[in-house]
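One structure is given below, encoded as structure tokens.
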Ligand SMILES: [Zn+2]
């Protein structure tokens, strides 16, 4: 079992910077939870995989232990999905997600592949009382990664079925141009308009981790009432401030991307790009490891909370709006979908 890595200096950050700002309830809308049963028998945690820090898996129990250490005074709610990897068994992952969710404090989504029939997706979702699904570009086959488009990730038959049930979809948008990519821009709006009962959460603020990728590119989806943003792994206060000023605040959901967020590091903008400066030698995307320990890091999680705090101050969010972003926006959305599809609560 992994050790909860919270230092005295992390505790000081909580006390000095976060304690007075955070509301009493936090809903993390973007968490990856899975145990061994979710993975194919051949699954091995590779040497620099981030899951190495957590013993190769990240279960609900581990997540709650971490949340308690990092947020000692807050009531923690979450929405989880499995690990989007070739090593994942999507049916087993959905079954695990169903077992750990109560549709009150813990909600969950299924992972889907575009190869899955709509019937298979709906069976996976409904059988496990899940509130929707998460699409990820890893599962698209037969196309170069940089050429994958949103419509390749979410086939029409799956979307139609999701729309009939008013499900929630979390989407990690593809393409190197990210939020600013013109094909993404067109398809994000098309998706929202074509399937108006589906709620679509654009993860990581459309992966706009640096400011020039965000400015001017939220307007299309801001005009779609069923489009949402989650803030997972965005600690850039400029991007967050831009989102608070240019996207309806009742459709912005706090998300962390735990357990990635529980590593030590910070995402930094460099020359209209970004890199993850890593305090620990794990590989995530465009990461640069501080091997000589030039600086002392805290977790991405605390850097995200710091970024939201600064952005909320600059954009002038009210206390009620801060509580909505951290809790009520997600809680209301997921609760409504669970109630509509499965009745009041799970036994
Ligand atoms: Zn994620």
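What do you reckon, is residue 72 outside any strand (DSSP E or B) and in contact with a helix residue (DSSP H, G or I) (Cβ under 6 Å, 6 or more places away or on another chain)? No; evaluated as a whole, the condition is false for this residue. Hey, can you tell me all the residues within region 99-112 that are farther than 25 Å from residue 325 by Cα and buried (at least 19 other Cβ atoms within 10 Å of the Cβ)? Answer for region 99-112, where residues must be farther than 25 Å from residue 325 by Cα and buried (at least 19 other Cβ atoms within 10 Å of the Cβ): just 112. Scanning region 166-178 for residues that are more than 16 Å from the ligand (Cβ to nearest atom) and buried (at least 18 other Cβ atoms within 10 Å of the Cβ) yields 166, 167, 175. Step by step: first the residues of region 23-66, then only those that are within 15 Å of the ligand (Cβ to nearest atom) and assigned to a loop (DSSP other than H, G, I, E, B), then the one that is nearest to residue 77 (Cα to Cα). Which residue is that? Only one residue tops the list, namely 33. Consider region 274-287 and keep the residues that are surrounded by fewer than 21 Cβ atoms within 10 Å (Cβ to Cβ) and more than 16 Å from the ligand (Cβ to nearest atom). The one that is nearest to residue 230 (Cα to Cα) is 275. Annotation note: Cβ proximity below 8 Å between a residue of region 81-93 that is closer than 18 Å to residue 60 by Cβ and a residue that is more than 13 Å from the ligand (Cβ to nearest atom) and at pLDDT below 90 (sequence gap 6+ or interchain) occurs for 84/139. All conditions in (1) surrounded by fewer than 22 Cβ atoms within 10 Å (Cβ to Cβ); (2) away from the ligand (no atom under 15 Å from the Cβ); (3) not in a helix (DSSP H, G or I) hold for residue 306, with the sole exception of (3). How many of the residues making up region 73-90 are out of contact with any strand residue (DSSP E or B) (no Cβ under 7 Å at 6 or more places or on another chain) and either more than 23 Å from residue 46 (Cα to Cα) or surrounded by 20 or more Cβ atoms within 10 Å (Cβ to Cβ) (or both)? Of the residues in region 73-90, 1 are out of contact with any strand residue (DSSP E or B) (no Cβ under 7 Å at 6 or more places or on another chain) and either more than 23 Å from residue 46 (Cα to Cα) or surrounded by 20 or more Cβ atoms within 10 Å (Cβ to Cβ) (or both). Flag not set for residue 65, criterion: touching a helix residue (DSSP H, G or I) at 6+ places or on another chain (Cβ under 9 Å), at negative phi and in contact (Cβ under 8 Å) with a residue 40 or more places away in the chain. Contact map, region 329-343: residues that are surrounded by 14 or more Cβ atoms within 10 Å (Cβ to Cβ) paired with residues that are in a helix (DSSP H, G or I), Cβ distance under 7 Å, separation 6+ or inter-chain. Pairs shown: 329/250; 329/251; 341/165.
Taking the residues in region 245-273 that are in a loop (DSSP other than H, G, I, E, B), in contact (Cβ under 8 Å) with a residue 12 or more places away in the chain and away from the ligand (no atom under 16 Å from the Cβ) as candidates, determine which candidate is surrounded by the most Cβ atoms within 10 Å (Cβ to Cβ).
Residues of region 245-273 that are in a loop (DSSP other than H, G, I, E, B), as a first pass: 247-248, 254-257, 259, 263, 271-272.
Remaining after also requiring in contact (Cβ under 8 Å) with a residue 12 or more places away in the chain: 247-248, 254-257, 259, 263, 272.
Next cut, away from the ligand (no atom under 16 Å from the Cβ) only: 247-248, 272.
Working: 247: 20, 248: 14, 272: 9.
Filtering region 245-273 for residues that are in a loop (DSSP other than H, G, I, E, B), in contact (Cβ under 8 Å) with a residue 12 or more places away in the chain and away from the ligand (no atom under 16 Å from the Cβ), the one surrounded by the most Cβ atoms within 10 Å (Cβ to Cβ) comes out as 247.
Out of all the residues in region 205-222, is one or more touching a residue at least 40 places away in the same chain (Cβ under 8 Å), within 15 Å of the ligand (Cβ to nearest atom) and touching a strand residue (DSSP E or B) at 6+ places or on another chain (Cβ under 6 Å)? So far as region 205-222 goes, yes, one or more of its residues are touching a residue at least 40 places away in the same chain (Cβ under 8 Å), within 15 Å of the ligand (Cβ to nearest atom) and touching a strand residue (DSSP E or B) at 6+ places or on another chain (Cβ under 6 Å).
The values are calculated or read from the model by the stated rules, or taken from the named source; none is laboratory data. Because the structure is a prediction, the values reported are computed rather than measured. Ideal geometry is used to build each Cβ from the backbone, glycine not excepted, and the neighbour counts take in all protein chains shown.
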